[in-house]
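The values are calculated or read from the model by the stated rules, or taken from the named source; none is laboratory data. Because the structure is predicted, anything quoted here is derived from the model rather than measured. Note that we place each Cβ from the backbone using ideal geometry, even for glycine, and neighbour counts take in every protein chain shown.
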């Protein structure tokens, strides 16, 4: 295969995007760090036991929301130099929406939030029977399904604290997925509905693609969110995934998406530089949810949705362990892992944070490589 | 049967510090669908792991605590084992019949979570165990008391661990009133067989160097509506 000059030029430009993005992020990273330290946007120890594993207190006081470095860099560079209605609008829009959700959660959890509680269903049923105000009784009856949804969604979350509650997160993530699905299905034409099946051409899911995209976006955003629990883990793994996506989108001929992936890779390189232990700042939900959504959408856009389990291997392993842990808790009444996500399991088994992170990086790299190989068929 | 588990419960290992597993019964707390370790049904390893996790969450360094302080931590966090839980881990029944599981969902839950659904009544059910006489008693048998105490509101089970020279040794998990809040737990005691032809209550019960009504285990046996020896089928 001979690569044409134009095609090679696109790769050169993409690499330039990555370098510029990394440089630009490097320029304003100190400003962000100063801002985060000044306003004490820090994770608090009182509801996060993972911060104290191994007796380490080094993470106490490290600011979160460092993911803004990537999100803002990518959004600005794409907006000024790579703004394409057909291609980059939607990924950036969905990424920003998911980031806003994550940012809101970060701020409520750590800065201005206060604890809110959700009434138990049994309590509401009792109020419906005994409340002295008949209007309240009707209101409580009418909103009972909503209360049940709120209450049952707590099964998926560990600590309903000061931040967004699980049902609020689910709704906002659903919205992000729905916007992406709507855009891909209705706005971008029939070619976009094709999903590449390795060794077997393409498959058209029809309208089923909509719920599938919503599910994949929600799952991936949360998966990256769970992975963001150790210094450098999410950042390093995302660098591997986004650089591979850059290559894939370049080979598939999606220029704007290639540039977007390259820009993200560049910004992530700078972010990970600052996030290496001891971290200057941590990603926070603002970065992990946004980048998770972006990862899912960019893979879907280049028709590689089926390759996501390999391209985002470590993220899906992390979320799978969380799901298994929750299932174990409710069904078997015991923990399958010492702690979920799985990186804390290994940490509790005595692995150092550095060992866990680096091993996870390279396991991830191996599976991403496998994903790249399979995707080429 | 696994009698080694008694030692594991009596000596929970916290970085070399041996801690007696406290008594905890979920009856009053009514925790549902939670980890079994939070319902007084966890294994020794689960109790230790959960305590370590809770300590991390609260920023408490358990390594610096002595055995009594660690035990107090366990009691304060509802970590411990109840009598039927201990009996279950010692006797390890292969299959139990749960009389309260009447519909499909209940049956499924009991299949998935047998130990949380295992109570003294379940162990004493005729489909799970048969009654034996004192003369036939052997290690692995259970001394089951139904409706003990002044209010007859607590069932209890002792597991016979061995017999030598007419002395029955048993293990159980219980909190005596005289133990205070932090004193109860997995204990061992003995019943000296004075006369095999007499009833269990007429033998000499000794635990923690106490006998007669001072021995609260004996007092519970005395106040029980029913006191029988059972052997798992």
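Look through B:115, B:144, B:193, B:167 and report the one residue that is within 15 Å of residue B:85 (Cα to Cα), in contact with a strand residue (DSSP E or B) (Cβ under 7 Å, 6 or more places away or on another chain) and more than 14 Å from every other protein chain (Cβ to nearest Cβ). Steps first, answer last, please.
On the way: B:115 fails: more than 14 Å from every other protein chain (Cβ to nearest Cβ); B:193 fails: within 15 Å of residue B:85 (Cα to Cα); B:167 fails: within 15 Å of residue B:85 (Cα to Cα).
It is B:144.
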In this structure, does residue B:165 turn out to be buried (at least 16 other Cβ atoms within 10 Å of the Cβ), over 30 Å from residue B:66 (Cβ atoms) and either free of Cβ contacts under 8 Å to residues at least 12 places away in the same chain or touching a helix residue (DSSP H, G or I) at 6+ places or on another chain (Cβ under 7 Å) (or both)? no
Here are the criteria: (1) away from chain B (no Cβ under 14 Å); (2) at negative phi. Tell me which single one residue A:303 does not satisfy. (2)
Kindly provide the set of residues from segment A:199-238 that are over 21 Å from residue A:314 (Cα atoms), in contact with a helix residue (DSSP H, G or I) (Cβ under 7 Å, 6 or more places away or on another chain) and not in a helix (DSSP H, G or I), ordered by number. A:204, A:205
Residue under evaluation residue A:180, criteria (1) closer than 23 Å to residue A:309 by Cβ; (2) over 23 Å from the mean Cα position of the chain (by Cα), criterion not met: (2)
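May I ask you to say which residue of A:188, A:219, A:175, A:208 is touching a residue at least 60 places away in the same chain (Cβ under 8 Å), farther than 25 Å from residue A:154 by Cα and either surrounded by fewer than 19 Cβ atoms within 10 Å (Cβ to Cβ) or not assigned by TED's automatic domain parsing to the domain that holds residue A:150 (or both)? Let's see the steps before the verdict.
Numbers: A:219 fails: farther than 25 Å from residue A:154 by Cα; A:175 fails: farther than 25 Å from residue A:154 by Cα; A:208 fails: touching a residue at least 60 places away in the same chain (Cβ under 8 Å).
On inspection, the qualifying residue turns out to be A:188.
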Answer yes if at least one residue in segment A:336-353 is surrounded by fewer than 15 Cβ atoms within 10 Å (Cβ to Cβ), away from chain B (no Cβ under 14 Å) and not in a loop (DSSP other than H, G, I, E, B), and no otherwise. no
Failed item in (1) crowded, with 16+ Cβ neighbours inside 10 Å; (2) touching a strand residue (DSSP E or B) at 6+ places or on another chain (Cβ under 6 Å), with residue B:216 passing the rest: (2)
So which of A:281, A:274, A:315 is in a loop (DSSP other than H, G, I, E, B) and in contact with a helix residue (DSSP H, G or I) (Cβ under 7 Å, 6 or more places away or on another chain)? A:281
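In segment B:138-162, how many residues are under 23 Å from residue B:97 (Cβ atoms), in a loop (DSSP other than H, G, I, E, B) and in contact with a helix residue (DSSP H, G or I) (Cβ under 9 Å, 6 or more places away or on another chain)? Give the steps one after another, and end with the answer.
Step one: list which residues in segment B:138-162 are under 23 Å from residue B:97 (Cβ atoms), which gives B:138, B:140-147, B:154-160.
Restricting the remaining residues to those that are in a loop (DSSP other than H, G, I, E, B) gives B:138, B:140-141.
Then drop every residue that is not in contact with a helix residue (DSSP H, G or I) (Cβ under 9 Å, 6 or more places away or on another chain), which leaves B:140.
Total meeting the criteria: 1.
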Any residue in segment A:104-119 that is farther than 22 Å from residue A:164 by Cβ and either not in a helix (DSSP H, G or I) or not assigned by TED's automatic domain parsing to the domain that holds residue A:290 (or both)? no
Could you say whether any residue in segment A:279-291 is under 29 Å from residue A:108 (Cβ atoms) and surrounded by fewer than 24 Cβ atoms within 10 Å (Cβ to Cβ)? yes
Select from segment A:324-335 the residues that are without any contact (Cβ under 8 Å) to a residue 24 or more places away in the chain and surrounded by 16 or more Cβ atoms within 10 Å (Cβ to Cβ) and list them in ascending order. A:325, A:328, A:329, A:333, A:334, A:335
Count, please, the residues in segment B:92-112 that happen to be touching a helix residue (DSSP H, G or I) at 6+ places or on another chain (Cβ under 9 Å) and more than 14 Å from every other protein chain (Cβ to nearest Cβ). 8
Wholly enclosed helices (runs of 4 or more DSSP H) of segment B:1-81 bearing at least 3 residues away from every other protein chain (no Cβ under 14 Å) and within 19 Å of residue A:348 (Cβ to Cβ): B:67-76
